[in-house]
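**Q** Let me give you the structure first, and then I'll get to my questions.
The values are calculated or read from the model by the stated rules, or taken from the named source; none is laboratory data. Note that the coordinates shown come from a computational prediction; the quantities given were computed from them, not determined experimentally. Cβ placement follows ideal geometry from the backbone for every residue including glycine, while neighbour counts extend to all protein chains displayed. Side chains are part of the model used for accessible areas, which takes the heavy atoms of the whole protein and leaves out ligands, DNA and RNA. Shrake-Rupley method; radii C 1.70, N 1.55, O 1.52, S 1.80 Å.
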Amino acid sequence: MWDLFKAEFLRFRLWAALYALFQLMVLGFMTRVVDLAQQPLIVYQAVGGLYALTGLLLGLYQMGGYRRPNAWLNLLHRPLAHWRVAAMLTCAGAALLAIAVLLPLLAIAGWQEFMTARVVDLRHWLLPLSSLLIALCAYLAGGYAMLADKRYSWCGLVPLLWLFFGKASGFGAIAVQALVLAWLAAMLVTAFKPDLSAAPRDAAGTVLTALPLQVGLWFVLVLVGMGVEFVWIAQGSHPNNLTVPLRGGEKEAEFADGKDLIRAGLAGSRDPQAALWREQAQISQIHGVGPGLRSPSQRNELTNRQPMEFDDGERRTRWVFSHDNMRFEGYGLVDQRSAGRLGSDGQAAFPQPVQPGGDGILFGRNEIYQYDGDEQRILPRARLPADEVLTGYGRAGENALVLSDRALYFYDLRELDDDDGVLQPRQRMPLPGRTGDLVRIDVMELLDGYLVSFLFSYASHNAEGVPPYQQMLRSDGNGQVHSVARRELKRDYPVLWRYQNWYTSPLIYVTQKAALRLWSGYRPGDDRDTPPPPLAAWIAAGVLTLLSLLAAWWRLPRTGLSWPARAAWLLACAAIGPPALLSLWLIYRPREALDEWPQTQPDAARA
């Protein structure tokens, strides 16, 4: 076994060394220009994609060299179990990827930690491990894609989608990557067999192959729907690109001017002052605020949604938030030397990660802070209840609007600019819906309060969002909130279109949603009032499931599967629907019939 590992390692050692050297040069150049630990999320995704591509190409090339019949027979013709041969080959590949991917990242992180004043937290040290796991997952996916039957070998790439679309944070993201790695390793072992085109013969191998294949087929159906939508857009009749949107529809409301939206919301109101407010809306200034902070920062998350730093232009100092000590650490922009630490109102640790919001305003999970450059202090200025999460901030005339996942708060903007204490809200207006459905808030100031329009239609175009509606509320001078009107909006999309991702396989739809949110913590953007699917969607799902069952009943006798296996596949088609039927079609070829055999034996007998 050791000889096999050593031979495979020596085979690619030069390429691994050159890759590591090239990466070290690129990272070294980049870290002289920017702080690699404080980049937006898209940069980390792009770098992770490059590592995944590296692992995928190695897996394809390495296993592709053995897949040829002569090479494959020579590889397996050893006094070793097949899984041990696979383990040695993949261990050699993992060692090569560790040299090529992991070592340069550790070298750059070490240089930044010990040779600069930049912030390097524990989460940053986990990034090289995460990068290696991503490369290894793609490497195993490439190996499986090369070894398995070409009819379904592409399903090895499906678990990688979890890495790309998953919302897990911190150690949860590492755990998800480890789960994907374990699953792909098991898939590769099942594909590492003498007859590469043979279907899995045991239940474990079938499950390991069928589940990602079915999820992949469901995803293909989703992509087909997206392709149809592109054609729809090209025709010019898509709701998003209509010259004149549907009157009273959700798109008209989302794109409307604030004045027009408030006037439309008041049109059906029975409030005696509705007519007066409609006239006032034409001449008043309408202020808008939205839930721009749908995903607040979480402690020890691996990446940043945005760089967690801000600059003090006068002192030429950059302040970077550290997740380890929960304070800002500064360094000079000129001499790159340490400039001390900043905590909450002095040197106190912040209770939650804080991200800059511009103009000296900093956002915590349920607190707002303000940076005082003269005093070199960060002061808490607004504090929400402990069970609420900050989701938005804006200014409206003489008010500062603070939006949480439960309510809209009005603060005196003059106190924010002139005072340094913790502000008390003038008024609190509860949200008339879930924060994940909220698209925009428009505020009009009245003589004795505020008139506020809430639009809930964020995900109403698919199976997740609440039916779109607009809610008008008014707060009076005593802080009392009154409902003024509620306007139900027309749907721009038909029912069968909105639920196209759901009725093709309700079970996969629900399961993948749960998997993507695994270990992601509370995210206000996911807090939605999702209604149950309508009857038309259930009928569509039922028809597709019934057709899948009938087609599977016709197909199974032609596959040569045992009766328990046939029953299991029928159960899978009843539970999963079309993706299960399509996977059955791809995994099992039709059994050969006697009349399909070549007629050599009778001819030989006659001779």
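**Q** Which residues, taken from the stretch 451-488, are over 27 Å from the mean Cα position of the chain (by Cα), touching a residue at least 24 places away in the same chain (Cβ under 8 Å) and not in a strand (DSSP E or B)?
**A** ASP476, GLY477, GLY479
**Q** For the structure I just gave you, tell me whether SER153 is open to solvent by 40 Å² or more (accessible area, probe 1.4 Å) and among the hydroxyl-bearing types (Ser, Thr, Tyr).
**A** no
**Q** So, restricting to helices (runs of 4 or more DSSP H) that lie completely within the stretch 1-78, which ones have at least 3 residues that are among the basic types (Lys, Arg), open to solvent by 60 Å² or more (accessible area, probe 1.4 Å) and in the same structural domain as VAL158 (by the TED database)?
**A** Numbers: elements: 2-33, 41-66, 69-76.
Fully inside the stretch 1-78 and qualifying: 2-33.
**Q** Pick from the stretch 213-234 the residues that are open to solvent by less than 20 Å² (accessible area, probe 1.4 Å) and of a type in the set (Gly, Ala, Ser): which of them is nearest to LEU184 (Cα to Cα)?
**A** Ranking the candidates gives GLY216 first.
**Q** With (1) outside the structural domain of ASN70 (by the TED database); (2) assigned to a helix (DSSP H, G or I); (3) open to solvent by 20 Å² or more (accessible area, probe 1.4 Å) as the list, and SER237 as the residue in question, which single condition is left unmet?
**A** (2)
**Q** Kindly evaluate LEU507 against the criterion of being of a type in the set (A, V, I, L, M), open to solvent by 70 Å² or more (accessible area, probe 1.4 Å) and not assigned by the TED database to the domain that holds ILE262.
**A** yes
**Q** Do the conditions hold for TRP218, that is, is it of a type in the set (Phe, Trp, Tyr), more than 30 Å from VAL495 (Cα to Cα) and at pLDDT 95 or above?
**A** No; evaluated as a whole, the condition is false for this residue.
**Q** Buried (at least 19 other Cβ atoms within 10 Å of the Cβ), out of contact with any His (no Cβ under 8 Å at 6 or more places or on another chain), closer than 28 Å to ASP405 by Cβ and at pLDDT below 90: which single residue out of ARG327, ARG294, ARG365, ARG305 fits that description?
**A** Values: ARG327 fails: at pLDDT below 90; ARG365 fails: at pLDDT below 90; ARG305 fails: buried (at least 19 other Cβ atoms within 10 Å of the Cβ).
None of the others qualify; the one that does is ARG294.
**Q** Another question, then. Quick one: PHE350 ticks every box in (1) open to solvent by 10 Å² or more (accessible area, probe 1.4 Å); (2) assigned to a loop (DSSP other than H, G, I, E, B) bar one, so which box is it?
**A** (1)
**Q** For the stretch 177-229, how many residues meet the condition of being touching a residue at least 40 places away in the same chain (Cβ under 8 Å) and in contact with a His (Cβ under 9 Å, 6 or more places away or on another chain)?
**A** Qualifying residue count for the region: 4.
**Q** Could I ask something else about it? Test LEU89 against the criterion of being free of Cβ contacts under 8 Å to residues at least 24 places away in the same chain, open to solvent by less than 40 Å² (accessible area, probe 1.4 Å), closer than 17 Å to LYS193 by Cβ and in a helix (DSSP H, G or I), and give yes or no.
**A** Values: free of Cβ contacts under 8 Å to residues at least 24 places away in the same chain: no; open to solvent by less than 40 Å² (accessible area, probe 1.4 Å): yes; closer than 17 Å to LYS193 by Cβ: yes; in a helix (DSSP H, G or I): yes.
No, not satisfied.
**Q** How many residues, within the stretch 531-553, are in contact (Cβ under 8 Å) with a residue 40 or more places away in the chain, in a loop (DSSP other than H, G, I, E, B) and surrounded by fewer than 17 Cβ atoms within 10 Å (Cβ to Cβ)?
**A** Of the residues in the stretch 531-553, 1 are in contact (Cβ under 8 Å) with a residue 40 or more places away in the chain, in a loop (DSSP other than H, G, I, E, B) and surrounded by fewer than 17 Cβ atoms within 10 Å (Cβ to Cβ).
**Q** Only one of GLY313, GLY360 is open to solvent by less than 50 Å² (accessible area, probe 1.4 Å), at pLDDT below 95 and among the small types (Gly, Ala, Ser). Can you tell me which?
**A** Result of the check over GLY313, GLY360: GLY360.
**Q** Every residue in the stretch 444-479 that is open to solvent by 10 Å² or more (accessible area, probe 1.4 Å), of a type outside the set (S, T, N, Q) and within 17 Å of PRO291 (Cβ to Cβ), please.
**A** The answer is TYR458, GLU464, VAL466, TYR469, LEU473.
**Q** I would also like to ask the following. Can you find a residue that is over 29 Å from PRO590 (Cβ atoms), in a helix (DSSP H, G or I) and β-branched (Val, Ile, Thr) anywhere in the stretch 155-164? Let's see the steps before the verdict.
**A** Narrowing the stretch 155-164 to residues over 29 Å from PRO590 (Cβ atoms): 160-164.
Right, trim to in a helix (DSSP H, G or I) and you get 160-164.
Checking which are β-branched (Val, Ile, Thr) leaves us with none.
No: zero hits.
**Q** Could you tell me which of the residues ASP374, ASP387 is open to solvent by 40 Å² or more (accessible area, probe 1.4 Å) and either closer than 21 Å to ASP312 by Cβ or among the β-branched types (Val, Ile, Thr) (or both)?
**A** Answer to the selection: ASP374.
**Q** Let me ask another. Taking GLU254, is it without any contact (Cβ under 8 Å) to a residue 24 or more places away in the chain, assigned by the TED database to the domain that holds GLN376 and part of a helix (DSSP H, G or I)?
**A** No: the conditions fail for GLU254.
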